[in-house]
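K.L.:
Dropping the structure in here first, questions after.
The values are calculated or read from the model by the stated rules, or taken from the named source; none is laboratory data. Given the structure is predicted, the values throughout are model-derived calculations rather than measurements. Heads up, the Cβs are rebuilt from the backbone with ideal geometry, glycines too, and the neighbour counts pull from every protein chain shown. With ligands, DNA and RNA removed, areas are computed over all heavy atoms of the protein, side chains included. Shrake-Rupley method; radii C 1.70, N 1.55, O 1.52, S 1.80 Å.
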Amino acid sequence: MVRFAEEKDIPAVMELNKTCLPENYPEIFFKELLLTYPKFFIVAEKNSETVLSEDPEALNLIKLMREEDLKTITVEELMDLKNIEYDESKMLLEKVLNYSDTLTPPFKFFKKYYENGLSKYELITDPKIIGYIMCRLESGISSFGFKWVKKGHVVSIAVDHPYRKQGVGQAILLKALKEMEKANTSEQVLEVRTSNYEAIRIYEKLGFKTVKTIKGYYHDGADAYLMVRATGRKNEN
Ligand SMILES: CC(C)(COP(=O)(O)OP(=O)(O)OC[C@H]1O[C@@H](n2cnc3c(N)ncnc32)[C@H](O)[C@@H]1OP(=O)(O)O)[C@@H](O)C(=O)NCCC(=O)NCCS
């Protein structure tokens, strides 16, 4: 699920920022951005209740497991818990497993494995922040002509390693760009290490163009590309 960040997400976002990027910031920096630009601070969360609520059987089973404080369940345990026959218990677990398997990887919530001759079904629903993006509004000279414009600046974006290449980065970036567009920005800008091909590719895919190289932009001396995307809005500041 992609949603607006809340204050409770900040520790997880800071942790993600530390593991994914060399550019780290103090807590106050994250808090200020959230307070000032709440619509431009977006997180991706794994295994949302929203996804589960589409299947009442899955949701009920998960509620039951949570009530019983169970991380895994077997057909036999479910029989006892629900006071049902073996076949019915097996069918229910397999149905929920099938449903889970139809979801894209970050949103899968159930898996099956074998242990000591038993089929164990594991609940993997703990909500977890797997990506974030934070941006701010700025104004300055346009990259496309001599005029003063309102800009949206992508300050930081990262997706947790195991969840990369599944569209999460694109989803949070697109939501942030849309929100900044609604705020009447006519240009969206960002800096990216010239060696960060993964990030550059996704920015290019979403319409960003490199307008210049900023020598020694990063604290370790690395160069950055300044990339800009025109939103199509004419609003000038
Ligand atoms: C840059 C970053 C945020 C991209 O996040 P991501 O979630 O991997 O991005 P996406 O999955 O949306 O897109 C990345 C690639 O995966 C592909 N992809 C998307 N969904 C896919 C899927 N279901 N299966 C396979 N590949 C998929 C995309 O097409 C894209 O590949 P392409 O550019 O070759 O077309 C991530 O690599 C990251 O956190 N890097 C470290 C931090 C960083 O560098 N931040 C940027 C600083 S400027």
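K.L.:
Which ones in segment 157-175 are open to solvent by less than 60 Å² (accessible area, probe 1.4 Å), more than 7 Å from the ligand (Cβ to nearest atom) and touching a helix residue (DSSP H, G or I) at 6+ places or on another chain (Cβ under 9 Å)?
P.N.:
160, 173
K.L.:
Another question, then. Hey, does segment 176-188 have a residue that's within 16 Å of the ligand (Cβ to nearest atom), open to solvent by 60 Å² or more (accessible area, probe 1.4 Å) and closer than 16 Å to residue 208 by Cα?
P.N.:
yes
K.L.:
Next question. Of all residues in segment 123-137, count the ones that are at pLDDT below 95 and either more than 12 Å from the ligand (Cβ to nearest atom) or within 18 Å of residue 191 (Cβ to Cβ) (or both).
P.N.:
Of the residues in segment 123-137, the ones at pLDDT below 95 are 123-130.
Going one step further and asking which of them are either more than 12 Å from the ligand (Cβ to nearest atom) or within 18 Å of residue 191 (Cβ to Cβ) (or both), we end up with 123-129.
Qualifying residue count for the region: 7.
K.L.:
Give segment 189-210 a look and list any residue that's away from the ligand (no atom under 11 Å from the Cβ) and open to solvent by less than 20 Å² (accessible area, probe 1.4 Å), or say none.
P.N.:
Within segment 189-210, just 189 meets the criteria.
K.L.:
Filter segment 101-138 down to residues that are surrounded by 14 or more Cβ atoms within 10 Å (Cβ to Cβ) and more than 27 Å from residue 19 (Cβ to Cβ), then give me how many there are.
P.N.:
Total meeting the criteria: 6.
K.L.:
For a quick check of your reading of the model, give me the residue pairs whose first member lies in segment 17-33 and is in a helix (DSSP H, G or I), whose second is within 13 Å of the ligand (Cβ to nearest atom) and open to solvent by 80 Å² or more (accessible area, probe 1.4 Å), with beta-carbon atoms closer than 8 Å and at least 6 apart or on different chains.
P.N.:
Correct list of pairs: 19/161; 20/161.
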